[in-house]
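Just so it is clear, none of the values below were taken in a lab; they were calculated from the coordinates. This structure is a prediction, so every number in the text was calculated from the model and none was measured. Note that we place each Cβ from the backbone using ideal geometry, even for glycine, and neighbour counts take in every protein chain shown.
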Amino acid sequence: MASQAAVSPPKIENELKKLAKQNHAELSFILPSDIEVRNWVRWKCQFGCKGFGKHLSCPPYVPGPSETRALLQEYERAYIVHFRGIPGMPAIDPGNIPENWHPFLRELILWIAETMYALEQHAFYGGYYKALAFAAYPCAFCEDCVAEQSKGIVDISLKRDCRHAERVRTSMEAVGIDVFATVSKSNLPIDVIPCEDNIYGKIQHTKINSYGLLLLD
């Protein structure tokens, strides 16, 4: 059935492409079976990202690789959504980027989050009730996530206090999807973002490529 889906795009696909374009993004079809899920990705979240445990869209508050693999088997179609650059930031000075750089990139993160939510909702109300979106980067709807404000035990029950629960979507990498390998299969541009003196977060330029994912059936 997956091969038939690839050659027979539904009407909703053109609508989604149009909506993505309106949001200054580009939408491309990919088979769910071509989405790479790897255990090491989750490990990189825990050992290498300042957002771990601080955002309800990130580990350990979200499903892991094994659950993601099972999820993908329930879908026939998927779409990679490409976001180019950083809104309102044609250039960047690494020296001006604060140590806590997620809020600094809030416009970029919200651009992706809002677009992916809009795409999911359009598909959902168009009859594709299984539509599910993935955003990118740690969530930035709130200046301080309730998870970061809590100084107690890290527990998934904190998600019940999320201020934007209906809009928050996890990122691909947070649930174990190898974004680099998956995007490369579609011949889309993706590179490690160069940082000054190899210091995490000190981005050297704004010509970056970010990606969201939409699952459809």
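Estimated at 0.36 nm per residue, the fully extended path between His164 and Phe180 surpasses their Cα-Cα distance by 2.9 nm.
What you get for segment 20-120, charging only the Cβ of Lys and Arg (+1) and of Asp and Glu (-1), is a dipole of about 260 debye around the Cα centre.
Per residue, the chain reaches -8500 deg cm²/dmol at 222 nm when only DSSP H runs of four or more residues are counted, each adding -39500 (n - 2.57).
Only one item in [x] 19.6; [y] 17.9; [z] 17.4 matches Kirkwood radius over Cα pairs in Å derived from the coordinates shown, and that item is [y]. Taking 0.36 nm per residue of separation and subtracting the Cα-Cα distance, full extension of the segment from Phe124 to His24 would add 33.9 nm.
Reducing segment 182-217 and segment 6-53 to their Cα centroids gives an inter-centroid distance of 12 Å.
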